[in-house]
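The values are calculated or read from the model by the stated rules, or taken from the named source; none is laboratory data. Just so it is clear, the structure is predicted and the values come from calculations on it, not from any experiment. Note that each Cβ is placed from the backbone with ideal geometry, even for glycine, and that neighbours are counted across all protein chains shown.
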Amino acid sequence: MSQSTLAALKWTGLAVAFIVAGIGLIFGFYQGLPAQQVILYTAATFALVAWAWRAFAMRWSEGTRTAAPEIRDADGNLVAPSGRAAWRGFVRKNRAVIAGLIILLLVFGICSITIEGFFSVLNIISLLVLVGLLVFSAFMSKFVVENRSAFIGLTVLVGLFVVGSLKIDGFIYPANIKSMLLFASFLGLACVGQTMVALLGGLDLSIPFVIGAANVGLLYLIGLGMPGWIAVIIITLVGVLIGLLNGFLSFRLQGQALILTLGIGFATSGITQILTSLGSRFAGNVFGAVPEWLSNLAAMNGTTFGLDFPPVILVWLVVAAALIVGMKNTVYGRYLYALGGNRTSASRLSISERRYWVAAYAISGGVSALTGCLLLGWSGGGFIGVGQPYLFMTLAAVVIGGTSLLGGAGGYGFTVIGVLVLQVLTSFLVGIGLNYQWQQFIFGLLILPMVALYARSPHIRTQV
């Protein structure tokens, strides 16, 4: 790397440290803190940011100095790039990291202005932790060729957990961790089918509607006098049938698969409300008694072999382990990756694309229906809209985990990381007292740099 580039990096580090410290200085005086305290914290912030930049960005840049390409003129003489050109190259190469830093600072500034008491020393420390982990994970990912998505996802997860522990009282208490794992289990199970479909290059937008329909339909069947376990089996099989329909039709209409699954989802939700509201004034809601075994399975006060945690967490762990191992070590899993990576090559190996495509959607429908049944045990009442949050959450978990939506790359292990990141982030936003609108705003802004960092790697078809 040229001297001009190194100089540009040094000045950039000083500028970043100055901006961060300046923001702290302005808000410190705005909050009415003592001048000595504001000056002390500003100086400490400037020194910490400058040191972090030197420790990570500059050392990494100096280590790559010999790898910089040579620029020669028409006569073959070496030409040193200008400082402006070096700066543009640096920005272009690290635009995702810079965008993430800008978004974090923007979010912090907006929250500090609009939320009383948000600007504090502890929050500044939390911001610096997030910034440091973002820069660290971005630069270290250049050296982690294998499982880069897992590395960055785990770094983000650790960062969120550390910041939550610093900021929120009781964040690391067993009760809160149990709550996060419970909701992560529901989301993780809902993501099973989405991950398998994404590995083939498809998407299933019917998942939230199947979840809501199963939630209402199960309690409706139980209210008719059907034994609970038989009703769960029937609802799950109906989910499989919906998945089969999604698979067959979307395979025939590949270009319209996204809209098709969404349409089938709406139809499923509509017909469920029609059937369950006959003779009732409440469309989309079913009231009744939920079996105790189902409540114990999915409610917060459920127990597993005498231990104080709901069995659905153990169910998710078993399913996750089976999928992670099975997708890499079974014929079905290997063929699924082969089809997602290159359909033409897979067809020449006599792998039936239609069979695996339809099977993936059938699994998605069945697991989605089972998730809706488990959510009934948690809520205690049937509601057709219970699955609506999963329309975005399943897609976000799959993408944040690093599974390519073009197919052929990723896996359920990566999705597990994405699920945990989303759940810890949600718990953190709730813990700092943000209302739903602010949660959605910050949620989207924080997801963007995560996706930009490691969900846009070159597709496997371009590397074969």
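General observations
- Residue selected from segment 201-216 under the condition modelled with pLDDT under 90 and crowded, with 24+ Cβ neighbours inside 10 Å, by the criterion nearest to Leu405 (Cα to Cα): Gly202
- Options Val451, Val430: the member that is within 21 Å of Gly188 (Cβ to Cβ), surrounded by fewer than 19 Cβ atoms within 10 Å (Cβ to Cβ) and modelled with pLDDT under 80: Val451
For every residue, the table says whether it meets (1) farther than 17 Å from Ile363 by Cα; (2) part of a helix (DSSP H, G or I); (3) modelled with pLDDT of 90 or more.
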residue	(1), (2), (3)
Val238	no, yes, yes
Leu241	no, yes, yes
Asn246	no, yes, yes
Gly255	yes, yes, no
Gly265	no, yes, yes
Thr268	no, yes, yes
Gln273	yes, yes, no
Gly279	yes, no, no
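- Unique match (being buried (at least 24 other Cβ atoms within 10 Å of the Cβ) and either of a type in the set (Asp, Glu) or over 23 Å from the mean Cα position of the chain (by Cα) (or both)) among Gly382, Gly387: Gly382
- Any chance Gly431 is touching a residue at least 60 places away in the same chain (Cβ under 8 Å) and within 30 Å of Phe119 (Cα to Cα): yes
- Some residue of segment 221-234 being buried (at least 24 other Cβ atoms within 10 Å of the Cβ) and either modelled with pLDDT under 90 or under 24 Å from Leu157 (Cβ atoms) (or both): no
- Matching option when the condition is in the same structural domain as Met196 (by TED's automatic domain parsing), β-branched (Val, Ile, Thr), out of contact with any Asp or Glu (no Cβ under 6 Å at 6 or more places or on another chain) and crowded, with 23+ Cβ neighbours inside 10 Å, among Val398, Val358: Val398
- Any pair with Cβ under 9 angstrom, 6 or more apart, that starts in segment 375-394 at a residue that is assigned by TED's automatic domain parsing to the domain that holds Ile271 and ends at one that is acidic (Asp, Glu) and outside any helix (DSSP H, G or I): Thr394/Asp204
- When residues of segment 384-401 are limited to those that are of a type in the set (Gly, Ala, Ser) and over 20 Å from Cys373 (Cβ atoms), the one modelled with the highest pLDDT: Ala397
- With respect to the stated conditions, Phe183 fails to be in contact (Cβ under 8 Å) with a residue 12 or more places away in the chain, surrounded by fewer than 15 Cβ atoms within 10 Å (Cβ to Cβ) and either in contact with a Leu (Cβ under 7 Å, 6 or more places away or on another chain) or part of a helix (DSSP H, G or I) (or both).
- Taken together, Gly366, Gly387, Gly380, Gly372 contain a single residue that is farther than 26 Å from Met327 by Cα and in contact with a helix residue (DSSP H, G or I) (Cβ under 6 Å, 6 or more places away or on another chain), which is Gly387.
- Within segment 284-304, the set of residues being surrounded by 18 or more Cβ atoms within 10 Å (Cβ to Cβ), part of a helix (DSSP H, G or I) and either more than 24 Å from the chain's Cα centre (by Cα) or of a type outside the set (A, V, I, L, M) (or both) comprises Leu294, Ser295, Leu297.
- Residues satisfying the stated conditions in segment 75-98, i.e. at pLDDT 70 or above, over 20 Å from Phe18 (Cβ atoms) and of a type outside the set (D, E, K, R): Gly89
- Selection over segment 305-335 of residues that are farther than 16 Å from Leu200 by Cα and either surrounded by 15 or more Cβ atoms within 10 Å (Cβ to Cβ) or touching a strand residue (DSSP E or B) at 6+ places or on another chain (Cβ under 6 Å) (or both) gives a count of 11.
- All positions within segment 201-231 that are within 18 Å of Gly366 (Cα to Cα) and part of a loop (DSSP other than H, G, I, E, B): Gly202, Leu203, Asp204, Leu205, Ser206
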